[in-house]
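Before any comments, here is the structure.
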Amino acid sequence: MKLPVCVILSGGKSSRFGYDKTLVKFNECDTLTEFCVKRYGEIFEKIFVSAKNDKFGGKFRLLLDKSSEFSPMNALFSILENFKNEKVFIVPADMPLVEFSTIYSLYENSANEKICVAKESKRTHFLCGFFSSEIADLAYSLAKKNEHKIENLCKKAGFKSVEFQNSGQFLNINYQSDLLKVKI
């Protein structure tokens with residue numbers, strides 16, 4: 001069974017990485033973003049990439065961030081306003097190894113929830129989960145109030161977190177040295 005929609009976040013600053021990590025060559029793909037599109041495309045019907053501009057040269061279906069500010073809340077609003085009555089899986093491009101079984105579990109657990117995100121023993125991953133399009137207006141209002149943490153949106157909308165044992169799947173590529181930790 002293919003899931004409906006996945007959006008890969010590729011609009012961050014990459015300040016810790018030193019340059020745009022979404023464009024780094026990754027595992028025989030031209031970019032980290034391309035790797036995510038191909039990998040997550042195996043289980044999703046529709047794949048989109050969220051970015052500030054088309055830095056990929058028309059290669060992907062883009063959802064452009066309407067704000068010039070680097071804010072996960074603005075990006076989330078820009079994404080969710082494109083969908084109606086849909087659950088959208090959101091995952092950052094720098095988190096390329098989320099297991100398919102985890103994604104299916106999150107989807108199943110999102111049935112009666114506006115937001116369902118992944119958790120492991122050390123932390124909750126507020127940008128790895130299913131978000132209902134019905135919370136777009138709430139995301140917009142929080143962004144307008146300069147509340148940019150997705151955790152705040154989750155708390156205000158109500159959310160469910162599902163804990164997973166394999167924390168390695170949530171490896172976040174923030175530094176160039178993190179590329180050495182990736183095992184595919």
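The values are calculated or read from the model by the stated rules, or taken from the named source; none is laboratory data. Every value quoted in this text rests on a predicted model; they were computed, and no experiment measured them. Here the Cβ is made from the backbone with ideal geometry for all residues, glycine too, and neighbour counts use every protein chain on show. To get the accessible areas, we keep the full protein, side chains included, count just its heavy atoms, and leave off ligands, DNA and RNA. Shrake-Rupley method; radii C 1.70, N 1.55, O 1.52, S 1.80 Å.
Figures for the structure shown
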read-out	value
Matching label, semi-axes √(5λ) of the Cα gyration tensor in Å computed from the structure shown, candidates (1) 26, 18, 17; (2) 23, 19, 16; (3) 24, 24, 18	(2)
Segment Asn85-Glu42, length gained on full extension (0.36 nm per residue, minus Cα span)	13.2 nm
Estimated inter-spin distance, Asn109 and Lys55, nm [label 7 Å along Cα→Cβ]	3.1
Length gained when the stretch Ser141-Phe100 is fully extended (0.36 nm per residue, less Cα-Cα span)	11.5 nm
Greater than 27 Å apart at Cα, pairs in Lys114/Lys144; Lys66/Lys122; Lys59/Lys84; Lys21/Lys160; Lys55/Lys122; Lys122/Lys181	Lys66/Lys122; Lys21/Lys160; Lys55/Lys122
In sequence order, calculated HN-Hα J values of the stretch 162-172 (Karplus, 6.51, -1.76, 1.60; Hz; x Gly/Pro)	10, 8, 10, 7, 7, 5, x, 5, 9, 3, 9
Trypsin sites (Lys or Arg not before Pro) within the stretch 152-184, DSSP loop, no more than 12 other Cβ atoms inside 10 Å	Lys183
Accessible surface of the chain [probe 1.4 Å, protein heavy atoms]: carbon and sulfur percent	47
For the stretch 3-180: accessible area per residue (Å², 1.4 Å)	47
Low-density loop cleavage sites - GluC sites (Glu not before Pro) in the stretch 25-66, where at most 16 other Cβ are within 10 Å (DSSP)	Glu28, Glu42
